[in-house]
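Okay, structure first, notes after.
Only the coordinates and a few stated rules stand behind these numbers; no lab work does. These figures come from a predicted structure and were not determined experimentally. For neighbour counting, all protein chains shown are included, and Cβ atoms are generated from backbone atoms with ideal geometry for every residue, glycine included.
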Amino acid sequence: MQFGIAVAIILEHSFFIWDLKRTSSIQPVEIAITTYIKSPQCQVVQQAVKNAFKYMLKTNLENKLIQISLENLLAKENISMQTDV
């Protein structure tokens with residue numbers, strides 16, 4: 001499940017990178033993956049998903065996982081520095 005959340009966060013961030021400098025290459029996705037792996041959100045998402053499975057009832061799990069994704073989007077303010085990678 002954390003993989004799915006990570007993919008959603010990475011793809012959301014790669015769109016903003018791509019939107020700055022539209023390209024047909026996969027470089028925006030590669031940059032977003034690197035940014036996510038190095039970010040504190042990576043560990044936060046892992047722990048949050050573990051906690052969600054431990055403490056949430058199955059009926060609330062879907063909403064909790066969406067909340068985790070939305071609370072851990074990558075910052076947009078340093079996006080120009082990320083595209084220089």
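Plainly put, region 2-82 has a radius of gyration that is 1.04 times its Kirkwood radius, both from alpha-carbon atoms, as the Rg/Rh ratio.
Label positions at I26 and A75, each projected 7 Å from the Cα along the C-beta direction, are separated by 2.8 nm.
Extending 7 Å from the Cα toward the beta-carbon at both V44 and E12 defines two label points whose distance is 1.1 nm.
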